[in-house]
Structures are given as C-alpha cells and as structure tokens.
Amino acid sequence: MVKYKGKTVYNGIAIGPAAVLKKEDRKVRREKIQDPGQEMDRVREAVKKAREQLQQLYDRALASAGEASAAIFEVHQMMLEDEDYLEAIENMIKKERVNAEYAAAVTGDNFARMFADMDDEYMKARSADVKDISNRLIQCLTGGEGESFDFKEPCILVADDLSPSETVQMDKDKILAFVTVHGSANSHTAILARMMNIPALVGVPADLNGIRPGSRVIVDGMRGEVIFDPDEAECRLAQERLEKEEEKLRLLQELKGKENITRSGKKIRVYANIGGPGDVGYALENDAEGIGLFRSEFLYLGRNDFPSEEEQFQAYRQVLQTMGEKKVIVRTLDIGADKQADYFNLGKEENPALGYRAIRICLKQPDIFKTQLRALLRASICGNLSIMYPMITSAAEVKKIFEILEEAKKELEEARLDCRVPEQGIMIETPAAVMIADELAQLVDFFSIGTNDLTQYTLAIDRQNEKLDDFYDPHHPAVLRMIRMAAESAHKYGKWAGICGELGADLDLTEEFVKMGIDELSVSPSMILPLRKRIRELA
C-alpha cells in the first residue's frame, strides 16, 4: 500500500482499477531538407488539419462540459494560428533547412518554456496548452493517431499529465477519476475536470513505472490523497465514505423544486454562475432560480477580434429565452488581470490586478462598451434581464456609465430597434466601493458582492500567487465586515444585495450571510442543491 498527497481539482471519492497512461516519447529527428517551400506547405496543411480536429473537440466539449470549457479549444485554435509561433517555425525551416516536424517541436518547446518561466500562475498554466498544440501539429505532420482513450471498463486514469484535448476525448462513463504527476489546479484540464464532475488530483509524486495496470486505487478528493494497492481496511473505509457521498447526492436530488427558505421563513434566492449560453443547461439541471452572474467576457475570449453587437445580442437572447421568466444578471466585460485577449492590445503591466481592467477599459474605450450595452438593451425585451458593472470605485464612474447607456439607448431608438433599460446594479469588490456604499446605493438598483476580488484587495494579496495561499483568508474578519457594511448600505436605501464570488458557496458562512441580510447567493451550478439544503436547515 502506497499513499500520496496531491492538489485537489475536484472533490469526490472513487475506487477502481488503475489505467496507466504512459505517453509515447515522440522523439522528432532533425533532418536536412532541400526545399524549404515544400516543408512550409506541409506545415500549412498540418495547421489546417489540426484546426479541423480542434473544431471537433470544441463541439464535443460543448456537448459534455458547456461553453466555458469548450472555449479552451477556441483558444487553442487562436494559439495555433499565432503569427509569432508560425513565423518562428518558418524561420527555422528557412534558415536552418530542417524538416517541419523538428522545427515545430523546437518552437513548441521554446514557447512552452517561455510561459513556464513567467511569474503569473495563470500564464504558467498555459505552458501545457502550448505543448498540446505543438504535439497536435507534429502528429498531423507525421500522420500519427495520438493516444487511445478507449477504455473497456470504468477505471482511474493515472498519467504524467493530461492535456485539455486528451481530457475531453475521454468517455466520461469510463473514467472514475484521474490522477496526474504534474499539472496545475489553474490549468484548462483542471477546469474541464470540474465542469465534467470528475474527481481529480494533480501534483501527485507517484512513479508511473511502479503502478500495475488494473491494480486497485482509491482517490479521495476531500482529503487530497490517492492510495495505490490499498489494504482491505482502507478499501472498507473508502467504500463506506463513497456510499455516504452517493446517499448525500441522492438526497440532494429530492430538494429539486423546493424553496430556498430557512425554518423561520427567511427566503434566500439561489442563482447560478455561468460563462456562456452552453452552461445554462447545468443551471437548469441543478434547479437554479436564475442566473446571478453571466460572465460576458467569455464571449470575448478565444477569438481574434471583438464580438459584434449581433453576436452578443444572440448570445444574451438565447440565455434569456432559455431561462424564461427567471432573472439573468449579466456582468459587463471584465477583461484584464488573469483574463487576456491579445486584440485588446492592453500591453504588459507590472501588476495587472491593480491595472487596466474591467470597467476601466470600458470607460476609456466607450465604443467597445457601447457595442455591448446596445446588445444588452436589445436583449432586455426577451426576458428578465439585469445588468451589473464590475470594479466600481466611485460614484463618478457609475454616472459616466449611465451617460454612455443613455447614448446607446438613443442610438437604438433612432435606428428603430426595440430596446429597454433593465435593472442596473454594480459589483462591490473594492474597499473603496464598500466605504462609499451609502452613496452608490442611491444610484443603482442592487449590489452584487464579488468576494474573490474583495478579499484580494482588502488583504493586499494577489489571489493568483500560490506562494501566498497561507495568507489568503476569505474568512478574515475585515472581509466579512465589508460584506456586512455593503449589505446594510443597500438595505438602508431599499435595494437588495447578493454575493456572486466563491464565498457564496462556502456552507460554513451561509448562516452568517443570512444573518447579515444577504438576499441572494450565486454559485456554481453543482453547489445549488447543497446550498439549498444548508439554507433549509437554518433556524
């Protein structure tokens, strides 16, 4: 029996046989070539083939994991067609007269190393994406078939690492869990695992050569541990915990259709956070009362240019029509910090979390902002829409937003396009917004408290920096007092206050939030029923 600790990607318990994935060591030989033009033609054909494969993976991910996860493969297509990447391959072929496979392999290694050496944890995690793209290009050049994920029975997959494209090719019904030696909890593979509800651990220091295929494995996401060849006592304990977890899930299903109401009659609205139209199914499947956070920036990511007004209108309309009479709260563009899109030309910043992002971009580039507002005003007639604005620090910003909103409305009216100004709210995620919440509450219809950034800015801690994990405390008294202050200011002027950050799903704080008078909690779809259960237990 061997036990290892790792980083939990998705909670859950799994018991089953090990399937060890040892990837072929694709050694690409350096060969001298006579015709660089012919090699570049081969690269162009391989890029075309790889693009078609990525589109197929996008479609598969869309069906199995939702739009936010499928967007990973749009990002891969964009990276595959990156001018710097392709130029580096072309220059190597021309100057060194080497074969396309070798040029692609070396360029991929160089770009992956560049990302891996960056300080930002999110950008470090993109190193795996570059490797995935380069391996796909080499595979297309050599005519290889890639790894097989056709498992005959449900198993626990153990690998050195898994790329996003490998993860999405797995038959979800045949994968009980996965364990990787390398990988980041911020990687796209980890995001996919969470969306697909697959128990997973990364960073497990296991020796793949020492694991027998078919041997029994226990993965415990709650404890962050994996046990290879467990003894009977460990198996018995794990089986008991697994049965308890399954029973909890079964009981949670019985809560569908029930109200989110405490035993004393206090009603709390429980909404879902989504990244795009493809995620609405998860919200409805888990019985969400509405959408409390539609992260509209996902409409901007993974593409080479700004989404048009019509594209955005269609996306918003689709969500509103699917949700029917239920409320849908769209957060306007929140690009910047850890969410980058090259075509915005934001430039490098020493501290992007404190820099040019979110509403600051919108107010400095009103044409971009107005396009989104026009789409939202048009969509508002299709359902129960609310709009909220992120990263607010002053009343002047809110007033400027409303000026631009009024301009957008007039343009639509002049164009004889139907529109309506819906409920308007702001994100409370800076200490500045908390301290002037009394003034802000008189300008807007509601507050939605973004606890992720509020914690970051209150504690002066970069939440992407894993070195500071021991200092990052979302339960810090200062953070909780700020949430209370914001809620009290909203209620003072007859406005409602909700939470749409990670703390909304923290069941240890649910009772405290109810006592504060929080009116709405917006969480990931998988947390809706556990949160409902907790609310209904409160006296």
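If you take the beta carbon distance between D82 and K409 as r and set R0 to 41 Å, what does 1/(1 + (r/R0)^6) give as a FRET efficiency, to the nearest 0.05?
0.60
Radius of gyration and Dmax for region 440-505's Cα atoms, expressed in Å?
In Å, with Rg to one decimal and Dmax whole: 13.0, 42.
Suppose the chain between D41 and K266 were pulled fully straight at 0.36 nm per residue; how much longer would it get relative to their current alpha carbon spacing?
74.3 nm
Output the Cα-based Rg and Dmax of region 1-116 in Å, rounding Rg to one decimal and Dmax to a whole number.
According to the Cα coordinates of region 1-116, Rg and Dmax are 18.9, 57 Å.
Relative contact order for region 226-328 using alpha-carbon pairs under 8 Å, separation at least 6, rounded to a whole percent?
RCO, region 226-328: 22 percent.
So between D438 and M114, what do we pick up on full extension, going 0.36 nm a residue minus the alpha carbon distance?
Roughly 112.0 nm would be gained on extension.
Under 8 Å for C-alpha pairs, at least 6 residues apart: give me the relative contact order for the chain, rounded to a whole percent.
That works out to 15 percent.
Find the centroid of the Cα atoms in region 407-450 and in region 286-338, then give the distance between the two in whole Å.
16 Å
Quick one: pull the percent of accessible area on the chain belonging to carbon and sulfur, 1.4 Å probe, ligands and nucleic acids left out.
47 percent
Once the piece of chain linking D470 and I381 is laid out straight, how much longer is it, given 0.36 nm per residue of separation minus the C-alpha distance between them?
Computed gain between D470 and I381 is 27.3 nm.
How would region 456-539 be classified by its alpha-carbon gyration tensor: rounded, prolate or oblate, with rounded meaning a/c under 1.5 and the a/b versus b/c comparison settling the rest?
The shape class here is oblate.
Report ³J(HN,Hα) in whole Hz for each residue of region 438-447, in order, from the Karplus equation J = 6.51 cos²θ - 1.76 cosθ + 1.60 where θ = phi - 60°; Gly and Pro get x.
4, 5, 5, 4, 7, 9, 10, 8, 7, 10
Past 29 Å, Cα to Cα, is the threshold; run K266/K326; K244/K327; K326/K409; K172/K467; K266/K467; K327/K515 against it and keep the listed order.
Pairs exceeding 29 Å: K244/K327; K172/K467; K266/K467.
Placing +1 on the Cβ of each Lys and Arg and -1 on the Cβ of each Asp and Glu in the chain, which of P525, V9, A375 has its Cα farthest towards the positive end of the resulting dipole?
Result: P525.
Quick query: amide H of I329 versus all other amide H atoms, modeled in the peptide plane; which residues come in under 5 Å with a sequence gap of 5 or more or a different chain?
Placed amide hydrogens put I291, G292, L293, F294, S386 under 5 Å from I329.
Classify the chain from the C-alpha gyration tensor, please: rounded if a/c falls under 1.5, else prolate or oblate depending on whether a/b exceeds b/c.
Taking the square roots of the gyration eigenvalues as a ≥ b ≥ c, the chain is oblate.
The values are calculated or read from the model by the stated rules, or taken from the named source; none is laboratory data. From a predicted model like this one, the values you see are computed outputs, not experimental measurements. Because the Cβ atoms are built from the backbone with ideal geometry, glycine has one as well, and the counts that use them run over all protein chains shown. Keep in mind that these areas ignore ligands, DNA and RNA; they rest on the heavy atoms of the full protein, side chains included. Shrake-Rupley method; radii C 1.70, N 1.55, O 1.52, S 1.80 Å.
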